[in-house]
Amino acid sequence: MLNPDTEISSGALRTLTNYADIHPKVGMIAPHVINPDGLYNTQHFASQIWPKLFLGFLKS
C-alpha cells in the first residue's frame with residue numbers, strides 16, 4: 001500500500017527485492033520512510049501497527 005503522495009527513489013524496489021532474494025528466510029521487508037526534509041520518519045503507521053500485529057500473532 002502506498003499513499004498517493006508517495007515518491008519511490010530510483011532503484012528502491014530493486015534493492016528490496018534483491019534483499020529478499022539474498023535472504024530467503026526473512027518474512028517481511030519494508031523501506032525507510034523519509035520526510036521531505038531528508039530525515040527518517042519514525043512516526044508512520046507501520047511503526048505503530050506492526051508490533052501490535054506481531055504480539056497479536058504470538059497470543060493466538
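The values are calculated or read from the model by the stated rules, or taken from the named source; none is laboratory data. A quick note: this is a predicted structure, and the numbers were derived from the prediction, not measured. Quick reminder, even Gly has a Cβ in these numbers, built from the backbone with ideal geometry, and neighbours come from all protein chains shown.
Between residues in the stretch 1-19 that are over 12 Å from Ala30 (Cβ atoms) and residues that are surrounded by 10 or more Cβ atoms within 10 Å (Cβ to Cβ), which pairs lie under 7 Å by C-beta distance while being six or more apart or on different chains?
Hits for this filter: zero, empty list.
Going residue by residue through the stretch 45-53, is there one that turns out to be surrounded by 10 or more Cβ atoms within 10 Å (Cβ to Cβ), of a type in the set (S, T, N, Q) and modelled with pLDDT of 80 or more?
No; the residues of the stretch 45-53 include none that is surrounded by 10 or more Cβ atoms within 10 Å (Cβ to Cβ), of a type in the set (S, T, N, Q) and modelled with pLDDT of 80 or more.
Just to be sure, is Leu58 part of a helix (DSSP H, G or I), among the aliphatic types (A, V, I, L, M) and exposed (fewer than 10 other Cβ atoms within 10 Å of the Cβ)?
So Leu58 passes the test.
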